[in-house]
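Here is the structure we will look at.
The values are calculated or read from the model by the stated rules, or taken from the named source; none is laboratory data. Note that the structure is predicted; figures quoted are calculated from it, not measured. Reconstructed Cβ throughout: ideal geometry from the backbone, glycine too, with neighbour counts over all protein chains shown.
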């Protein structure tokens, strides 16, 4: 991979299943070593995007590159440097966990140098690995899925809903695994609709809505572009109606108002409030969840 | 290398079934050698067969009825539905399970996201298919050989049955390759199994009906089973034309499987 190459790029990537447009004209670039969040409600096109990036699906239009290589169907060598956790991870039920990991590492054509550490962190012991996978709980299967994706120390990991079915303690362990992988320079592309998780893990985020990209940028930028929530409490009665001019009035009474205000309207609003008997003023940046909901409203 | 890894994986998953099918076939063909009527009993068996309705005589094998002999009886063992079912189960199980089965189960994502070419996947399935069929067919032949060792029969040697076993292998390899093509076009193992088993059963029924019902006799060449006639092989040797047709159909199925699977969404 050329040193300047992005970990992955999509250029006008489009996928149609018959009349259904699963993904429309997606363009994005993920740099090496970053943790990139891919957000969207169910059916937004997140899994389709990941499967296009892996060459499991053929695009209806556009193109993609992974680790500097054009993505095509079939078995290109660059896939040995990619780890993938499917959204609905499935294994061969009769195979033991150990056999499953050995087989998949062998197919990756790389040594499973991280396996022992991952098993230890996720609490999968040797006795569990000897059992057939069909005896595993959903959480154990998800842990096995994480291990198989990261055991060969991939340069790029595509993780589709990685914490699904994990209890909070194991989620915490997973976050540490991601942080450590990032320190080693692994690029991580995480699809999720757990916003707190994305907020915690990711440098940048892209948001999809019905197959279309609605935002791509820093998590901080996303929150910055969203409207602020302003709450003002007055020492005497005021007429709240003129404040509707500054933004969306969420709650209004003679002694208290709450409104959503665009960032550029804030100075004028604060100046106006300063002329009134102001008792308290709270200006809050939206949580990622609010930003997310606002995008999809 | 990936085809080898996939083949080992296929073996791990199907070995119990393969051993069971092979043992079943060996046991069946061994049992046939035990029930071949002795020279003194042939008169009674001939009377029995003469009384049977025409469709039953066709099913048993015209040659066996016309010329009751140990060779004919052993040949009947290779057209009996039981060993055909054993070979058919393997052909359908492997071809449907390897491609459509992996997609339907969701495990194809784990294989397809690794540096494994689509052609390696089809190659591994085809090798597993043919290898398993060879084991089952050879086990059947070994059953006959063992049976003949224990009860020598006049005018027949175990090696005479080898071309029959080879043709049984070729028949099911050919059908299995067509089934691989079907599997390469499906998204669910269940649907692929239904299609493949349906095609195999349809081909068998067509061959049978075309033999007993002269109005549709012209359709018989459309059935793969019409190119597999153990009793004629024992009498006249393997017909090159039969080998050519089965090989050509198998090759066409395989080429189509490679072509479709290389281009499809997983």
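Of the helices (runs of 4 or more DSSP H) lying entirely inside the range B:80-167, those containing at least 3 residues that are under 21 Å from the mean Cα position of the chain (by Cα) are B:81-96, B:118-150.
Condition test on residue A:94, is it over 12 Å from residue A:149 (Cα atoms), surrounded by fewer than 22 Cβ atoms within 10 Å (Cβ to Cβ), in contact with a strand residue (DSSP E or B) (Cβ under 9 Å, 6 or more places away or on another chain) and within 9 Å of another protein chain (Cβ to nearest Cβ)?
Yes: the conditions hold for residue A:94.
Of all residues in the range B:117-133, exactly one satisfies the criterion of being over 17 Å from residue B:101 (Cα atoms) and at the interface with chain A (Cβ under 7 Å from one of its Cβ atoms), namely B:117.
Quick grid of which residues meet (1) modelled with pLDDT of 95 or more; (2) within 14 Å of chain A (Cβ to nearest Cβ); (3) surrounded by fewer than 19 Cβ atoms within 10 Å (Cβ to Cβ):
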site	(1), (2), (3)
B:5	no, yes, no
B:26	yes, no, no
B:32	no, no, no
B:52	no, no, yes
B:58	no, no, yes
B:61	no, no, no
B:67	no, no, yes
B:81	no, no, yes
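Here residue B:235 meets each of (1) modelled with pLDDT of 90 or more; (2) more than 19 Å from the chain's Cα centre (by Cα); (3) over 30 Å from residue A:15 (Cα atoms) with one exception, condition (1). When A:44, A:22, A:10, A:5 are checked against the criterion of being touching a residue at least 12 places away in the same chain (Cβ under 8 Å), under 20 Å from the mean Cα position of the chain (by Cα), in a loop (DSSP other than H, G, I, E, B) and surrounded by 15 or more Cβ atoms within 10 Å (Cβ to Cβ), A:44 stands alone in meeting it. The lone criterion from (1) crowded, with 16+ Cβ neighbours inside 10 Å; (2) touching a helix residue (DSSP H, G or I) at 6+ places or on another chain (Cβ under 7 Å) left unmet by residue A:81 is number (2).
I need a count of the residues in the range A:58-88 that are within 27 Å of residue A:18 (Cβ to Cβ), within 21 Å of the chain's Cα centre (by Cα) and within 11 Å of chain B (Cβ to nearest Cβ). Looking only at that region, the number is 5. The residues in the range A:208-221 that are under 13 Å from the mean Cα position of the chain (by Cα) and closer than 19 Å to residue A:260 by Cβ can be counted, and the count is 1. Within the range A:233-269, being under 37 Å from the mean Cα position of the chain (by Cα), assigned to a helix (DSSP H, G or I) and either free of Cβ contacts under 8 Å to residues at least 12 places away in the same chain or over 23 Å from residue A:222 (Cα atoms) (or both) holds for A:243, A:244, A:245, A:264, A:267. Scoring residue A:37 on the criteria (1) part of a loop (DSSP other than H, G, I, E, B); (2) closer than 21 Å to residue A:203 by Cα leaves a single failure, condition (1).
Return the residues of the range B:215-266 that are closer than 30 Å to residue A:73 by Cβ and more than 14 Å from chain A (Cβ to nearest Cβ); say none if nothing qualifies.
Passing the criteria: B:247, B:248, B:249, B:250, B:251, B:252, B:253, B:254, B:255, B:256, B:257.
Do we find that residue A:94 is farther than 17 Å from residue B:5 by Cβ and modelled with pLDDT under 95 in this structure?
Against the criterion (farther than 17 Å from residue B:5 by Cβ and modelled with pLDDT under 95), residue A:94 qualifies.
Hey, does the range A:277-286 have a residue that's at pLDDT 90 or above and under 32 Å from the mean Cα position of the chain (by Cα)? Among the residues of the range A:277-286, at least one is at pLDDT 90 or above and under 32 Å from the mean Cα position of the chain (by Cα), which makes the answer yes.
Could you tell me whether any residue of the range A:165-178 is touching a residue at least 40 places away in the same chain (Cβ under 8 Å) and closer than 20 Å to residue A:6 by Cα? Checking the range A:165-178: at least one residue is touching a residue at least 40 places away in the same chain (Cβ under 8 Å) and closer than 20 Å to residue A:6 by Cα. Picking from residues in the range A:130-151 that are crowded, with 18+ Cβ neighbours inside 10 Å and over 23 Å from the mean Cα position of the chain (by Cα), the one that is nearest to residue B:6 (Cα to Cα) is A:133.
Residues in the range B:115-151 that are in contact (Cβ under 8 Å) with a residue 12 or more places away in the chain and farther than 27 Å from residue B:174 by Cβ: 6 in all.
Could you please find all residues in the range B:207-229 being crowded, with 19+ Cβ neighbours inside 10 Å and in a helix (DSSP H, G or I)? Passing the criteria: B:207, B:210, B:211, B:224, B:225, B:227. Counting only helices (runs of 4 or more DSSP H) that sit completely within the range A:100-198, those holding 2 or more residues that are more than 12 Å from every other protein chain (Cβ to nearest Cβ) and touching a strand residue (DSSP E or B) at 6+ places or on another chain (Cβ under 7 Å) correspond to A:126-130, A:138-150, A:168-183.
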